[in-house]
Amino acid sequence: MIDSNSSIQIDSSWLTYLEPEFNKLYMQSLKTFLLEQKALSKTILPKTNEWFSALNSTPLEQTKVVIIGQDPYPTPGHAHGLCFSVQPNVKPLPKSLLNINKELADDLGVDNQHTGYLQPWAEQGVLLLNAVLTVEAGQANSHQNKGWEKFTDAIINTVNKNTEHTVFILWGAYAQKKGKMIDPNKHLVIESPHPSPLSAYRGFFGSKPFSKTNVYLKQRNKTPIDWQLK
């Protein structure tokens, strides 16, 4: 999937640990599937050069927080490779993102209702990682169980083993299952229901993940995250 003729590149800090994954059978099968989808003229989201945006926006040594999502938004013009984030000027915001903004306002008084573009978080060390990195336009979850999950497990395991005192924010059962490999004695694991409208009122609202994250980072002499988006 990554070779000298490819437009797809991964930040070297990650590639040091992840390069062996690309030679494994599951990744070869995933590559075949994606090429087949393109041959069928299926629209794959996000754009090819954005598949690894989470890794390229947040180098391993800068990673302080990990938020795990499920798969990219299937609406063209929304996904750009960071979980929960939409491209600038997208309105209205997806409902889960609206609820994230609501909790952030209640938690820290931060008003981000004007945007859902989370790139500034990523650039401060928040790894915004979807479990599945691609999707067919208009078909949510269409690329599940094709191999991406094994690759993103390798990413989570890399963070778990090679960073210290990282905050993992796991919203919903899917993310919590995905995060079973995280060592809670080494890192802070924050769990709550998912921010979707179906579950946000079951404990996501009032969970205060943003302030908890910053308190933990400060206690370990790390720069807290400025959650305010410009």
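In the context of the full set of protein chains, the range 35-171 has a per residue accessible area of 39 Å² (1.4 Å probe). Take every Cα pair under 8 Å whose residues are at least 6 apart in sequence, average their separation, divide by the length of the range 67-222, and the relative contact order is 26 percent.
Name the lysines eligible as straight-distance cross-link partners of Lys24: C-alpha to C-alpha under 18 Å, and not fewer than 8 places from it in the same chain. Cross-link targets: Lys146, Lys150. Taking Thr48, Thr63, Thr16 and ordering them by how much accessible surface each has at a 1.4 Å probe, largest first, produces Thr16, Thr48, Thr63. Over the range 17-110, what percent of the accessible surface lies on carbon and sulfur atoms, probe 1.4 Å? Using a 1.4 Å probe with all protein chains present, the range 17-110 comes out at 52 percent carbon and sulfur. Here Glu61 sits with roughly 130 square angstrom of accessible surface, probe radius 1.4 Å. Between the range 183-220 and the range 35-111, what is the C-alpha centre distance in whole Å? When both Cα centres are located, 19 Å separates them. Compared with the direct C-alpha span, the chain from Glu123 to Gln139 gains 2.8 nm at full extension, assuming 0.36 nm per residue.
The accessible area of Ile169, taken with all protein chains in place and a 1.4 Å probe, comes to roughly 0 Å².
Just list whichever of Lys95/Lys222; Lys42/Lys95; Lys161/Lys212; Lys64/Lys212; Lys208/Lys230 have alpha carbons separated by over 24 Å in the model shown. Listed pairs above 24 Å: Lys95/Lys222; Lys42/Lys95.
One decimal place: the segment Gln62-Lys177 gains 38.9 nm when fully extended, by the rule 0.36 nm per residue minus the C-alpha distance. Okay, helix-only estimate at 222 nm for the chain: each DSSP H run of n ≥ 4 adds -39500 (n - 2.57), divide by all residues, round to 500 deg cm²/dmol; what do you get? My calculation for the chain gives -10000 deg cm²/dmol from helical runs alone.
The values are calculated or read from the model by the stated rules, or taken from the named source; none is laboratory data. Please read all numbers here as calculations on a predicted model, not as lab measurements. Only protein heavy atoms, including side chains, enter the accessible area calculation; ligands, DNA and RNA are left aside. Shrake-Rupley method; radii C 1.70, N 1.55, O 1.52, S 1.80 Å.
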